[in-house]
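The values are calculated or read from the model by the stated rules, or taken from the named source; none is laboratory data. Just so we're clear, the structure is a prediction, and the values are computed from it rather than from any experiment. We place every Cβ from the backbone using ideal geometry, glycine too, and count neighbours over all the protein chains shown. All accessible areas refer to the heavy atoms of the entire protein, side chains included, with ligands and DNA or RNA removed. Shrake-Rupley method; radii C 1.70, N 1.55, O 1.52, S 1.80 Å.
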Amino acid sequence: MTTIVASAVELHAIEKLREEELEEARSIQSVMLPEESLHTARVRISHAFQPVTEVGGDFLDYFELTDGCYGLYLGDVSGKGLPAAMYAALAVGTLRGVHKTGLCPSQVLSTLNRRLMIRGTPRRHAAVQYAMFDPRTRVMKIASAGMPGPFHLSPRGCQPLEIQGIPPGLFDPSIQYETLEISLEPRDSVLFFTDGLPDAFDTGGESFGIERLQALCEAQFHRSTTELLDEVFSAVSRFARGRSQHDDMAAAIFHYRGE
């Protein structure tokens, strides 16, 4: 009887510690997301985020730089719980320190990779996309490492952009990244998203998929940034039909309004 009581007490203590760790992870993750959308005369940037119970390592931010350009990054750390949240905090701290220097996206990811490799955290890496938009030239530069998309939305349709790159912190501190450049016309948008959206599963084990997400964005192109994000997350929720998901879902949409 004493052994049973002791086991129950130990189990309660373990569960309490686990809940405390999850709450700490949630607190860490909350400060790695923007508090509100960014609206200026030329640009609108909005985001949406849906966490899972376990707390993953999704993070994102967007900002206006001192030279008049706009920056945006979105990332997904491997793993769950407090370790993933702490590793994401390390990645975000590095990105927040680097983006103010005005480095191009490929250099930002190279710097992030070197710093994460120095830390040498086993079994951890961060898939990341980093974008910079110059309204004077209407050119957006994007570097990507281990992330799906992004999508370029325009009146001509929804074009997936394929950008290759090894996730920072995974393999080699000397890796160099490529930068893709696209020109944006007024009313064009770029949707950035973590793999939690296309990898959402329904009760039958089918994933939402990139193609379904692309078709949805193309059909809903006319909507505002917040409306489009709402429709994307609602569509994924309807598709899942109540099934619990294994990964956070995060997305940000950059909309160029023009002069």
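Details
- Gyration tensor (alpha-carbon) shape descriptor, region 26-182, a/c threshold 1.5: prolate
- Here the simple spin-label model places points 7 Å from the Cα toward Cβ, and for S207 and V52 these points are separated by 1.3 nm.
- For E259 and L103, the FRET efficiency from 1/(1 + (r/R0)^6), where r spans their Cβ atoms and R0 equals 25 Å, is about 0.40.
- One decimal place: the segment A215-S183 gains 9.3 nm when fully extended, by the rule 0.36 nm per residue minus the C-alpha distance.
- Applying the Karplus relation 6.51 cos²θ - 1.76 cosθ + 1.60 with θ = phi - 60° to region 214-230 yields 3J(HN,Hα) values of 4, 4, 5, 5, 5, 6, 9, 4, 6, 6, 5, 4, 5, 5, 5, 4, 4 Hz, where x marks Gly and Pro.
- Shape of region 117-230, Cα gyration tensor, a/c cut at 1.5: oblate
- In order along region 84-89, the phi-based Karplus estimate (6.51 cos²θ - 1.76 cosθ + 1.60, θ = phi - 60°) of 3J(HN,Hα) comes to 5, 5, 5, 5, 5, 4 Hz; Gly and Pro are listed as x.
- The listed residues H125, H152, H222 rank as H222, H125, H152 when sorted by accessible area, largest first, using a 1.4 Å probe.
- Sites D134 and I166 - FRET efficiency at Förster radius 30 Å, r taken between beta-carbons, to 0.05: 0.65
- For R187, the residues 5 or more places off, or on other chains, whose built amide H falls under 5 Å of its own are Y256, R257, G258.
- Modelled spin labels at T226 and I118, positioned 7 Å past Cα toward Cβ, are 4.1 nm from each other.
- For region 185-246, the list of GluC sites (Glu not before Pro) that fall in a loop by DSSP and count at most 14 other C-beta atoms within 10 angstrom reads E206.
- In order along region 130-140, phi translates into HN-Hα couplings of 10, 10, 9, 10, 10, x, 6, 9, 6, 9, 9 Hz, rounded to whole numbers, per the Karplus curve 6.51 cos²θ - 1.76 cosθ + 1.60 with θ = phi - 60° and x for Gly and Pro.
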